[in-house]
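None of the figures in this text is laboratory data; all of them are computed from the coordinates on show. A quick note: this is a predicted structure, and the numbers were derived from the prediction, not measured. Positions of Cβ are generated from backbone atoms using ideal geometry, with glycine treated the same way; all protein chains shown enter the neighbour counts.
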Amino acid sequence: MRPLPRISIQHWHQLENFPSLSYNSTVETSTLTHNIAEKALSQRPRILVFDGPAMNSGPFLERCQADCDIVRAKSVGEGLALLRTEQFEGVYANPQDPAIWERAGSLLQADYILDVLGDGVALVHPDLRITWANTALEKWCGGPVKGRTFYEALGSPNILGPDYCPFHTALAGKPVTTRLHCRDNLYLELNVTPVCDTTGKVSQLISLAHDVTALVQQQQKLDALHKAGRELAGLSAEQLAEMSVEERVELLKHNIRRFTHDLLHYDVVEIRLLNRETGQLDPLLEEGMTEEAGKRALYAKAEGNGVTGYVAASGKSYLCSDTTTDPLYLLGSQGARSSVTVPLSVGDQVIGTFNVESPQVNGFTEQDLQFCEIFSRELAAALHTLELLSAEKRTTATRSVEAISREVALPVDEILASATAVLDRWIGMEPEMADRLKLILANARAIKQCIHKVGEDLAPRPTGLSGATKTHPKLHGLRVLVADNDERVRRSAHSILGGKFGCIVETARDGREALTMARLGSYDVILTDIRLPDMNGHEVYCHMRAAQPDARVILMTAFGYDPAHSIVKCRQEGLRHVLYKPFRVDQLVDALENDGPPPVSHAPHASTPATVQT
């Protein structure tokens, strides 16, 4: 649609940049006629007349017809429609007509809304020159843009796709959406809609640009550690075999430093690891810190050790909005005015701290703090993996890989459970937040797989994950959800099913966590205890069947103990598999591999020591 010029109503209906015409006995028409005559030298002006019974404009318009084309509109609606699609040099209207005033007021309001709108709006000619733009777009372009080409005004941005010629696509008559990367690291989601004239030809293009910089940067941040882990895991087994533990540590530090700067855009970073024997926080990586701060001895104590010591001692994140007034802050980088410090934790154990600083007061938001907490968990898992790899000199390769799985699996499961619970509240209500949480879930799972791959590359096995993988190929890649309040059972599930048989294992501590993960995830088998803290066996069985109708549900119980008769009720509703603790590994494997009802397991034989116990 063609833009309506700004309207100001005094004694007549006047359009900005157009000569105004009105019928008023006190207005001399000679000047107007002279102006029209001058225009006629180059082109014949077109005058739009809002006609009606109240108009008495015959003599006046007759004097104008010699030099002008008169176009009459029988109603205000018809007149506005003509203004949107055709070009006029003047508008003639009765100032006493209430419809004119009402519509003019609406146009003034619409003009104001476009001017204060946060999104950038522009009308673009088919030759890609801007004919009108609102304030937001002009701000992004650094000034007035009328007459300039669209891409030139935005500083020749990079077109990121999915459509790399959005205006040419729109000129073909199709609305299109794509993404631009502009100067000053500005990312815009661009929507271009064609406007056709009465002949069906595209007469102009409406462009609507939305600032998605924050979303893109969040996605980049969430990808950062995953990319670092993938790069480390991408080394061949021969390369890793030639590297010492110290060299692997330096390689991961290099990746963290690079991605923190390039993708997270943090220039001042400090990572310290907790020495469990002395309680001292030893510097691991620092960028932008003063020499004094880098050499400062800090301990995991709430007092006298700055923000870093407090965070390590309490296990709580700390946002310092103003370093000049915060009693805990100790000088880190020169000129720092705000900081965020979060614990690096594996499970409930703090293994270090992650600290970033900014030269701006209130340089970090609550959203920055939340992201740093998620990022620190992934970082802690990677760092803790390297700590475990330092034991490689004293143990076999197999035990090292099992240790990685044992120590990393449950903390990542906690991330998955927490992020899934938040996603369950936001999904369907806030699509953008839900997409971010889905990305966090994907990255958490990818980090765990990358760490496992690092372990496999450090200790390559010719037979794959283990000999058991070849013996039981059905189990490799099987997605298993284990719900049990006993941490030993959850650890055993990762160690046996994940480490030995190659299953993809995720665990939950109670029925609520398990149900949320089942609703929002995909599993082949769900293995659950009948005595969860918040659900009995029958409840959890029914909920799991409803959430994952294609998954097999296996119940576990201590031998002979079923006070709520859950197993009997569940068998009546189709339950096929029951495992009585402590059960043998071969009974567990049989239940996972067998689609039909297996024989009910009883007490384990004394001659079969391989059991899973509580």
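Placing dummy labels 7 Å off each Cα toward the beta-carbon, the span from Glu430 to Arg488 is 4.2 nm. Ranking of Cys165, Cys320 by neighbouring Cβ atoms within 10 Å, starting from the fewest: Cys165, Cys320. Would you mind checking the stretch 303-332 for residues with the amide N under 19 Å from a putative spin-label position 7 Å along Cα→C-beta of Glu366? Correct set: 316-322. Here the calculated FRET efficiency for Ser156 and His565, from their Cβ-Cβ distance with R0 = 51 Å, stands at 0.10, rounded to the nearest 0.05. Around the amide H of Arg46, modelled in the peptide plane, lie the amide H atoms of Asp69, Glu89, Gly90, all under 5 Å away and 5 or more residues distant in sequence or on another chain.
Take Asp550, project a point 7 Å from its Cα along the Cβ direction, then tell me which residues of the stretch 481-524 have their backbone nitrogen under 13 Å from it. From the stretch 481-524, the list is 521-524.
Below 9 angstrom from the Cβ of Asp524, what's the summed charge of the other residues (Lys, Arg +1; Asp, Glu -1)? Intermediate values should be presented prior to the final figure.
Details: positive: Arg479, Arg552; negative: Asp550.
That works out to +1.
The order of Glu487, Glu506, Glu138, going from fewest to most other C-beta atoms within 10 Å of their C-beta, is Glu487, Glu138, Glu506. Using θ = phi - 60° in the Karplus curve 6.51 cos²θ - 1.76 cosθ + 1.60, the 3J(HN,Hα) couplings for the stretch 322-329 round to 9, 5, 6, 10, 7, x, 8, 5 Hz; x is entered for Gly and Pro. Counting neighbouring beta carbons within 10 Å and listing from fewest to most, the residues His543, His494 come out as His543, His494.
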